[in-house]
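Comments concern the structure below.
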Amino acid sequence: MSNNKYDLIERTSLFGEQIILFVKKISDTTTSKPIKNQLVQSGTSIGANYMEADGAESGRDFNHKLSICKKEAKEKQEKPEEKPEEKTKEKPEGEKEKR
């Protein structure tokens, strides 16, 4: 990592990589697959959007593109509400249920 603690290109890239490594540790279930997909998409798009903002043609364009990054980052903080009927433990896909 560079000495500049504000090197957002590098930091957002590392964040995306960490999201991918984290998601790989989660078992695949019917519920987890779309959540894992959303985490990877929004976690990696922050860096891509920031790089695009960094190349903005005007201050207004930069602010707009940076607001997209902020929105994506906020999406990471929101946790889906779990409904009581969804609290049942799911088996990973491919695992058969015992009868």
Exercise. Based only on the alpha carbon positions, what is the Kirkwood hydrodynamic radius of segment 28-77, in angstrom?
Worked result: 11.6 Å
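Of the listed pairs LYS33/LYS65; LYS33/LYS74; LYS36/LYS74, which have alpha-carbon separations greater than 24 Å here? Display every interim value, and only then the final one.
Working: LYS33/LYS65 29 Å; LYS33/LYS74 20 Å; LYS36/LYS74 16 Å.
With Cα atoms farther than 24 Å apart: LYS33/LYS65.
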For this session: Report the one residue of THR44, GLY55, SER32 whose Cα lies farthest in the direction of the positive end of the charge dipole of segment 28-77 (charges on C-beta: Lys and Arg +1, Asp and Glu -1; origin at the Cα centre).
Result: SER32
Problem set entry | Nitroxide proxy distance, nm - points 7 Å out along Cα→Cβ at ASP28 and SER58 | 4.7 nm
Exercise. Mind ordering 44-53, 18-27 by average Cβ neighbours within 10 Å, highest first?
Worked result: 44-53, 18-27
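Read-outs throughout are calculated quantities, based only on the coordinates presented, and are distinct from any laboratory measurement. All figures in this text were calculated on a predicted structure; none of them were measured in a lab. Neighbour counts are summed over all protein chains in view; Cβ atoms, including those assigned to glycine, are modelled from backbone coordinates with ideal geometry.
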